[in-house]
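To start, the structure itself, in structure tokens.
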Amino acid sequence: MLNVRAYAAPSATEPLVPLTIERRATGENDVLIAIRYAGICHSDIHLVRGDWGPVSYPQVVGHEIAGEVVEVGPSVTKFAVGDRVGVGCMVNSCRECENCRAGMENYCLKGNTQTYGSLDRDGTITQGGYSTHVVVDQDFVLRLPEAIPYEAAAPLLCAGITTYSPLTHWGAGPGMKVAVVGMGGLGHLAVKIGAAKGAEVTVLSHSLAKQADGLAFGAKHYYATSDPATFAALANTFDLIINTVSSADIDLNAYLGLLRLDGTLVNVGAPAEPMPVGVFTLFGNRRSFAGSGIGSIAETQEMLDFCAEHGVAPEVELIGADRINEAYERVLGSDVRYRFVIDTATL
């Protein structure tokens, strides 16, 4: 076993604190990674605060992990010591179900093993990237292109793939009108990736406060959803809407009304509460409401390579570990442009 420094949540109501945790010894097919940077995702906050169900505390979160290989198991063939690598939201799957066999382990029918808060193969609870080291099966490790700095790569491993996957699946590209709801950590990457794919991107944000940023990131249009005139002006406009907002306090039916014939609204934000959808709104224009999780390992690697080729990178604010709790409050207050990234050297 390896003892490593980490920042953990002791309970759903207490601040995160420094802690030493144990990592398993590097196994036959494992890679030991020295973590350089770890992004902060809204999902981290949801989980540690118990929004999605019972949690085994203390819990270390973080599924946007960038670092380098410092040890490999004897059967590892995909990586070598010194390689630049990343780990996203999952670290294993059953490898046997229909979806896994199809290369869609992110939709494992038995439930993939999440990077934190999941029952691991050895019976322990997985602990995430707010730590100095992690041990991961080589099949769930990504190669980081040299063109992407570690600190920029980290948020791509969740926020990047979470938006790249639906944009790719629903065919965002030239001639397609795409709307992005919300201009936060997910939203700003959806804008950048959608624009890089050649789509005509519109931002739908509560206010115009981030309009200059949205246009600089590649959006062609920017509207304030707090203005009721926006929904009248944009009715029946979009082929695809990506909703990145992690709150149920949003009128989905109003957004569904912005879809043209056969358009789709895809939810990638993950609120804890149910989100009501009117069936008759779907009937109009034969609209679809869909959900999309993360991508497969292959698609995540494709996303990293795409971002390197097209110069797509998140806007990040680097912080030390002593500012994690402050960062959580700022995320909840939408006070970050656009992703906090922890320098793990400060743990």
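Any read-out appearing in this document is the output of simple, stated calculations on the displayed coordinates, not a laboratory observation. Everything numeric in this text was worked out from a predicted model, so none of it was measured. Quick reminder, even Gly has a Cβ in these numbers, built from the backbone with ideal geometry, and neighbours come from all protein chains shown.
Key figures
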{"quantity": "Dipole magnitude of the chain about its Cα centre (Cβ charges: Lys, Arg +1; Asp, Glu -1), debye to nearest 20", "calculated": "600"}
{"quantity": "Helix-only CD estimate at 222 nm, as mean residue ellipticity for the chain, using -39500 (n - 2.57) per DSSP H run (n ≥ 4)", "calculated": "-6000 deg cm²/dmol"}
{"quantity": "Proximal aspartates and glutamates to Lys110, defined as alpha-carbon separation beneath 17 angstrom and excluding residues fewer than eight positions away on the same chain", "calculated": "Glu96, Glu98, Asp120, Asp122"}
{"quantity": "Distance from the range 12-83 to the range 216-256 (C-alpha centre basis), Å", "calculated": "35"}
{"quantity": "DSSP-defined beta bridges in the chain - what % are antiparallel, rounded to 5", "calculated": "55"}
{"quantity": "Cα-derived Rg over Rh, computed across the chain with Rh taken as Kirkwood radius", "calculated": "0.97"}
{"quantity": "Segment Thr230-Cys97, extension gain: residue separation times 0.36 nm, minus the distance between their alpha carbons", "calculated": "43.4 nm"}
{"quantity": "Equivalent ellipsoid semi-axes, the range 1-127, via Cα gyration tensor eigenvalues times 5, rooted, Å", "calculated": "24, 20, 13"}
{"quantity": "Built amide H within the under 5 Å cut-off of Ile125, gap 5+", "calculated": "Asp120"}
{"quantity": "HN-Hα J in Hz across the range 23-30 - Karplus 6.51, -1.76, 1.60, θ = phi - 60°, x for Gly and Pro", "calculated": "9, 5, 5, 5, x, 3, 10, 8"}
{"quantity": "The range 166-232, dipole about Cα centre (Lys/Arg Cβ +1, Asp/Glu Cβ -1), debye to the nearest 20", "calculated": "140"}
{"quantity": "Under-5 Å amide H pairs with Met90, H placed in peptide plane, nonlocal only", "calculated": "Thr115"}
{"quantity": "5 Å binning of all Cα-Cα separations within the range 161-291, expressed as whole percents from 0 upward", "calculated": "2, 12, 24, 26, 23, 11, 3, 0"}
{"quantity": "Sparse-neighbourhood loop sites, GluC sites (Glu not before Pro) in the range 75-139 - DSSP loop, at most 15 other Cβ within 10 angstrom", "calculated": "Glu96"}
{"quantity": "Where trypsin sites (Lys or Arg not before Pro) fall in DSSP loop in the range 68-128, at most 16 other Cβ within 10 Å", "calculated": "Lys78, Arg95, Lys110, Arg121"}
{"quantity": "Paramagnetic reach from Arg49 in the range 1-30 [backbone N under 13 Å; point 7 Å along Cα→Cβ]", "calculated": "12-16"}
{"quantity": "Cross-link partners of Lys177 among aspartates and glutamates (Cα-Cα below 18 Å; sequence separation of 8 or more within a chain)", "calculated": "Glu200, Asp239, Asp262"}
